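Participant: Take this structure first; my questions come after.
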Amino acid sequence: MATHSDTRLWHPFADMAVVRTGEFVIDRGEDVWLFDREGKRYLDASGSLWYANVGHGRQEIADAARAQMGKLETYSVFGDVANEPALELATQLCDLAPIQDARVFFTTGGGESIDTAAKLARAYWSAEGRPERVHLISREAGYHGTNGFGTSLGGIEANRAGFGPLVADTSIVPYGSLDALDQKIHELGPERVAAFFVEPVIGAGGVYPPPDGYMEGVAAICADHGVLLIVDSVICAFGRLGSWFAVERWSLEPDMIVFAKGVTSGYLPLGGVIVSPRVADPFWSEPGRSFRHGATYAGHATCCAAALANIEILDREELIPRGAELERPLLDALTPLVDHPLVSEVRGGTGLMAAVEIHPDAIGRGLTPAKVSAALRERGVIARGLARAVAYSPPLTITRELITELGETTRAALDAVLEDHPTFSPAPGAPAR
Ligand code: PLP
């Protein structure tokens, strides 16, 4: 396995005391395959960080970026300035979005888009003459990036700890309960609540699909109270759930949709917020008011050119529906693992994403998702070890045969981890999570 000694690279979310002499260096990618420096091949079952929707090594996207860089690498879109790829991408995304007469605000990634949406929600209410409507609600296990608002809205406790006070006027509710959301809005007073943030399927928090009726119920509760509905489709858009922006599945028309990742399939960094006319109007109809927010590389011409090439591939190769077509095969490949002593639950079935939850007793004994992920890597598969689960979100180009193999290789990896601890068995009747 490729390693590298004492690095200068500080890795995100990494225990650098361990990683500093034990990096895994990926050298090359081709469709669903990755190759390390020794040329060993791996199946990218996680799509890198849930984003390699069209797969790796697409020359067409590289050519589009190269051509744009040769012509104009970029120019800022602040004030009244624009560039052609940003304009074209804005038009295409708003045409594809399930929101009539939408606008798009570009950023350089998911977390920046979440912070944009949070500030825009508050700015909207302020512009409406309701500056006291600042409170933001999100969900347990939710992940919304690591910027200021995103950290404060995140529902994974470990990601919030140790940073001192987070953004004020934010609350977290249980992930699948409509009553809890409704109660929280009542408790705070709807007149103080700006917006609710929701991932269609929670990703980094462990792959939790919404319970039946949850997304529609959320939309109804938000509409009842006038609370803005902000859907974080950073993972779920661009085919992961079988449609362009994920919310089409429930026929929702949110006030904002946050996207990133799959918009370029990761070839260059780009994110943004699709904004409904309700939220845009106060800023677009009367002169004299600006949304004083934006990052230097918002609307970066080369990133937008890469996104346009990526969207062309998603469309031409009919990859968008595959997220829904392959959701059953992926769940079916992994579900038999529930009989394994290390596994407490398998989740998925809503889009091409799934998780194998490792039994809490096993984790308590050091048989962690990270160990299972390492055993998978030894067997030529890359899947993400989360806090309590191993997660899968392969490129939309993955075949059914490879999905079947994924289940088999995961069983072999679980067996190998268990073999190292032959005395382990979960306590009878132990809770699933
Ligand atoms: N929102 C969701 C649902 C995500 O999964 C992520 C990243 O994984 C983000 C926001 C943050 O995106 P980024 O890492 O591009 O800042």
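The values are calculated or read from the model by the stated rules, or taken from the named source; none is laboratory data. Keep in mind it's a predicted model, so treat the numbers as computed, not measured. Heads up, the Cβs are rebuilt from the backbone with ideal geometry, glycines too, and the neighbour counts pull from every protein chain shown.
Participant: Residue pairs, Cβ under 6 Å, 6 or more apart or interchain, first in segment 33-61 and among the hydroxyl-bearing types (Ser, Thr, Tyr), second assigned to a loop (DSSP other than H, G, I, E, B) and surrounded by 16 or more Cβ atoms within 10 Å (Cβ to Cβ). List them.
Facilitator: 46/383; 46/393; 48/266; 51/266
Participant: While we're on this one: Give the residue, chosen from 387, 354, that is within 22 Å of residue 208 (Cα to Cα) and crowded, with 23+ Cβ neighbours inside 10 Å. Steps first, please.
Facilitator: Numbers: 387 fails: crowded, with 23+ Cβ neighbours inside 10 Å.
The unique qualifying residue is 354.
Participant: Given the residues 116, 108, which is the only one that is surrounded by fewer than 24 Cβ atoms within 10 Å (Cβ to Cβ), in contact (Cβ under 8 Å) with a residue 60 or more places away in the chain and of a type in the set (Ser, Thr, Tyr)? Let's see the steps before the verdict.
Facilitator: Numbers: 116 fails: surrounded by fewer than 24 Cβ atoms within 10 Å (Cβ to Cβ).
Going through 116, 108 in turn, just one is surrounded by fewer than 24 Cβ atoms within 10 Å (Cβ to Cβ), in contact (Cβ under 8 Å) with a residue 60 or more places away in the chain and of a type in the set (Ser, Thr, Tyr): 108.
Participant: Could you count how many residues in segment 209-226 are under 21 Å from the mean Cα position of the chain (by Cα) and among the aliphatic types (A, V, I, L, M)?
Facilitator: Looking only at that region, the number is 3.
Participant: Here's something else I'd like to know. Being outside any loop (DSSP other than H, G, I, E, B) and either within 15 Å of the ligand (Cβ to nearest atom) or free of Cβ contacts under 8 Å to residues at least 60 places away in the same chain (or both) is the filter; apply it to segment 120-146 and report the residue that is surrounded by the fewest Cβ atoms within 10 Å (Cβ to Cβ).
Facilitator: Filtering segment 120-146 for residues outside any loop (DSSP other than H, G, I, E, B) gives 120-127, 135-139.
With either within 15 Å of the ligand (Cβ to nearest atom) or free of Cβ contacts under 8 Å to residues at least 60 places away in the same chain (or both) added as a condition, the list becomes 126, 135-136, 138-139.
Working: 126: 16, 135: 24, 136: 25, 138: 28, 139: 28.
Here the answer is 126.
Participant: Oh, and also: Is there a residue in segment 147-161 that is crowded, with 24+ Cβ neighbours inside 10 Å, assigned to a loop (DSSP other than H, G, I, E, B) and either within 12 Å of the ligand (Cβ to nearest atom) or under 20 Å from the mean Cα position of the chain (by Cα) (or both)?
Facilitator: Going through segment 147-161, the residues crowded, with 24+ Cβ neighbours inside 10 Å turn out to be 149-150, 153-154.
So of that shortlist, the ones also assigned to a loop (DSSP other than H, G, I, E, B) come out as 154.
Remaining after also requiring either within 12 Å of the ligand (Cβ to nearest atom) or under 20 Å from the mean Cα position of the chain (by Cα) (or both): 154.
Yes; the residues of segment 147-161 include at least one that is crowded, with 24+ Cβ neighbours inside 10 Å, assigned to a loop (DSSP other than H, G, I, E, B) and either within 12 Å of the ligand (Cβ to nearest atom) or under 20 Å from the mean Cα position of the chain (by Cα) (or both).
Participant: Would you pick out the residues in segment 212-242 that are out of contact with any helix residue (DSSP H, G or I) (no Cβ under 6 Å at 6 or more places or on another chain), in a loop (DSSP other than H, G, I, E, B) and buried (at least 18 other Cβ atoms within 10 Å of the Cβ)? It would help to see each step written out before you state the result.
Facilitator: Taking segment 212-242 as the starting set, the residues that turn out to be out of contact with any helix residue (DSSP H, G or I) (no Cβ under 6 Å at 6 or more places or on another chain) are 212-214, 218-220, 222-224, 226-227, 232-233, 236.
Restricting the remaining residues to those that are in a loop (DSSP other than H, G, I, E, B) gives 212-213, 226-227, 233, 236.
Within segment 212-242, 227, 233, 236 qualify.
Participant: Check 80, 95 and return the single one that is within 25 Å of residue 276 (Cα to Cα), of a type outside the set (Gly, Ala, Ser) and part of a loop (DSSP other than H, G, I, E, B).
Facilitator: Numbers: 95 fails: part of a loop (DSSP other than H, G, I, E, B).
Answer to the check: 80.
Participant: Find all pairs meeting these conditions: Cβ atoms under 6 angstrom apart; at least six residues apart or on different chains; first residue within segment 187-211 and assigned to a strand (DSSP E or B); second residue surrounded by fewer than 23 Cβ atoms within 10 Å (Cβ to Cβ) and among the hydroxyl-bearing types (Ser, Thr, Tyr).
Facilitator: 202/208; 208/175
Participant: If you don't mind, there's one more thing I want to ask. More than 16 Å from the ligand (Cβ to nearest atom), within 19 Å of the chain's Cα centre (by Cα) and modelled with pLDDT of 95 or more, is that true of residue 242?
Facilitator: Numbers: more than 16 Å from the ligand (Cβ to nearest atom): yes; within 19 Å of the chain's Cα centre (by Cα): yes; modelled with pLDDT of 95 or more: yes.
In short, yes.
Participant: May I ask you to list the residues in segment 274-309 that are closer than 30 Å to residue 62 by Cβ and assigned to a loop (DSSP other than H, G, I, E, B)?
Facilitator: Going through segment 274-309, the residues closer than 30 Å to residue 62 by Cβ turn out to be 274, 294-309.
If the condition is that a residue be closer than 30 Å to residue 62 by Cβ and assigned to a loop (DSSP other than H, G, I, E, B), then 294, 295, 296, 297, 298, 299, 300 are the ones that fit.
Participant: Take residue 260 and decide whether it is more than 11 Å from the ligand (Cβ to nearest atom), within 28 Å of residue 128 (Cβ to Cβ) and of a type in the set (A, V, I, L, M).
Facilitator: On the way: more than 11 Å from the ligand (Cβ to nearest atom): no; within 28 Å of residue 128 (Cβ to Cβ): yes; of a type in the set (A, V, I, L, M): yes.
In short, no.
Participant: More than 14 Å from the ligand (Cβ to nearest atom) and charged (D, E, K, R): is that true of residue 232 in this structure? First the steps, then the outcome.
Facilitator: Details: more than 14 Å from the ligand (Cβ to nearest atom): no; charged (D, E, K, R): yes.
In short, no.
Participant: For segment 184-196, indicate whether the set of residues that are under 23 Å from the mean Cα position of the chain (by Cα), at pLDDT 95 or above and closer than 28 Å to residue 350 by Cα is non-empty.
Facilitator: yes
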